[in-house]
Amino acid sequence: MTDLFSLDDRVAVVTGGGGALGGAMARGLAMAGANVAVIGRTPGTLQRTVEAMGADAGMAVVADVLDESSLAAARDAVQARWGRIDVLVNAAGGNVPEAVVPPGGDVFGISREAFRRVFDLNLLGTVLPVQVFGPSLASGAEGSVVNVSSMAADRAITRVPGYSAAKGAVDTYTRWLAVELARRFGTALRVNAVAPGFFIGDQNRRLLTHEDGSLTERGESIVRLTPLGRFGEAEELIGTVVWLASRASRFVTGIVVPVDGGFSAWSGV
């Protein structure tokens, strides 16, 4: 059983590896035995993730998921150090304040530029890494792509139209890519996604909590509609990501796994 979930001698790349969720996923992959390269735009946050993993198991590579040339340079750096790439976790993403509809705001007046920025970050920020790292993954025996979706893709969530639309597109892209690659490469390259429920991070903290740590009305609503009655902890994503990256899921492709405390299962009644 241990061998099924082991990532010993495997090499993983995690985009958005300096963030709260991406960093936790990277640490989890390292704990399972993988060598892990974390990619992002901010050297300081990437380095903190690497330090938490241990320098022998991790490396930080500064790159932008919307810049193909920087991703290609990152790929070459990873291959130069470890000689291969087996796992790609697309954890880069997020929202921007200008794309959030304020309470009572004009739903017809959202900035198209802001909407496009969010869509590009979440969808193209998933597609481009797949295009750059995909051939390397497909050249091995058991490659795995794990995209990061969201409950915003599955349920209508107020105020975040761009983010919801982009994550919905990530789900569709995940299923389409899984089918195409399975037909071409068989089990040599699988594609799945994890869909976190509500986890508090730097981007959504002001929407969900007050400065004193108490919940906003929106935060209270989320907890009320989550059967487990709380927000998720970043480390609670690790088990699912390791499963999808490992041989334990070798007959699994094209699925989106909710890690949401039951949010997607409950009607609220």
List, please: which pairs have Cβ atoms under 9 Å, are six or more places apart or on different chains, and start with a residue in the stretch 232-246 that is within 19 Å of Thr187 (Cβ to Cβ) and end with one that is of a type in the set (S, T, N, Q) and in a loop (DSSP other than H, G, I, E, B)?
Ser246/Ser6
Are there any helices (runs of 4 or more DSSP H) wholly within the stretch 159-227 with 1 or more residues that are within 20 Å of the chain's Cα centre (by Cα) and aliphatic (A, V, I, L, M), and if so which?
161-185
Just to verify a result, which residue in the stretch 80-111, among those that are part of a helix (DSSP H, G or I) and modelled with pLDDT of 95 or more, is surrounded by the fewest Cβ atoms within 10 Å (Cβ to Cβ)?
Ala80
Inspect the stretch 38-51 for any residue being basic (Lys, Arg), within 19 Å of Thr126 (Cβ to Cβ) and either without any contact (Cβ under 8 Å) to a residue 60 or more places away in the chain or surrounded by fewer than 17 Cβ atoms within 10 Å (Cβ to Cβ) (or both) and give the result as yes or no.
yes
Residues Val179, Val191: which one is under 18 Å from Val256 (Cα atoms), of a type in the set (A, V, I, L, M, F, W, C) and surrounded by fewer than 16 Cβ atoms within 10 Å (Cβ to Cβ)?
Val179
All positions within the stretch 183-235 that are modelled with pLDDT under 90 and under 27 Å from Arg27 (Cβ atoms)
Ile200, Gly201, Asp202, Gln203, Asn204, Arg205, Arg206, Leu207, Leu208, Thr209, Gly213
Among (1) under 23 Å from Leu121 (Cβ atoms); (2) crowded, with 23+ Cβ neighbours inside 10 Å, which single condition is Ala34 missing?
(1)
Which residue, of Asp76, Asp86, Asp56, is touching a Gly at 6+ places or on another chain (Cβ under 6 Å) and more than 22 Å from Ser150 (Cβ to Cβ)?
Asp86
Residue, surrounded by the fewest Cβ atoms within 10 Å (Cβ to Cβ), within the stretch 136-157, restricted to residues that are closer than 18 Å to Gly261 by Cβ and touching a residue at least 12 places away in the same chain (Cβ under 8 Å)
Arg155
How many residues are without any contact (Cβ under 8 Å) to a residue 60 or more places away in the chain and small (Gly, Ala, Ser) if we restrict to the stretch 123-135?
1
Go through (1) touching a residue at least 60 places away in the same chain (Cβ under 8 Å); (2) crowded, with 22+ Cβ neighbours inside 10 Å one by one and return the number of the condition Gly58 breaks.
(1)
Would you be able to tell me the number of residues in the stretch 24-57 that are more than 16 Å from Glu235 (Cβ to Cβ), of a type outside the set (D, E, K, R) and at pLDDT below 95?
3
How many residues does the stretch 240-259 hold that are closer than 19 Å to Lys167 by Cβ and in contact with a Ser or Thr (Cβ under 6 Å, 6 or more places away or on another chain)?
4
Is it fair to say Gly213 is under 22 Å from Gly19 (Cβ atoms), crowded, with 19+ Cβ neighbours inside 10 Å and out of contact with any His (no Cβ under 8 Å at 6 or more places or on another chain)?
no
Quick one: Leu225 ticks every box in (1) hydrophobic (A, V, I, L, M, F, W, C); (2) in contact with a Phe, Trp or Tyr (Cβ under 9 Å, 6 or more places away or on another chain); (3) within 26 Å of Thr45 (Cβ to Cβ); (4) surrounded by fewer than 19 Cβ atoms within 10 Å (Cβ to Cβ) bar one, so which box is it?
(3)
Is at least one residue of the stretch 251-262 within 17 Å of Ser149 (Cβ to Cβ), within 22 Å of the chain's Cα centre (by Cα), in a helix (DSSP H, G or I) and hydroxyl-bearing (Ser, Thr, Tyr)?
no
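The values are calculated or read from the model by the stated rules, or taken from the named source; none is laboratory data. Everything quoted here is computed from the prediction, not taken from an experiment. Heads up, the Cβs are rebuilt from the backbone with ideal geometry, glycines too, and the neighbour counts pull from every protein chain shown.
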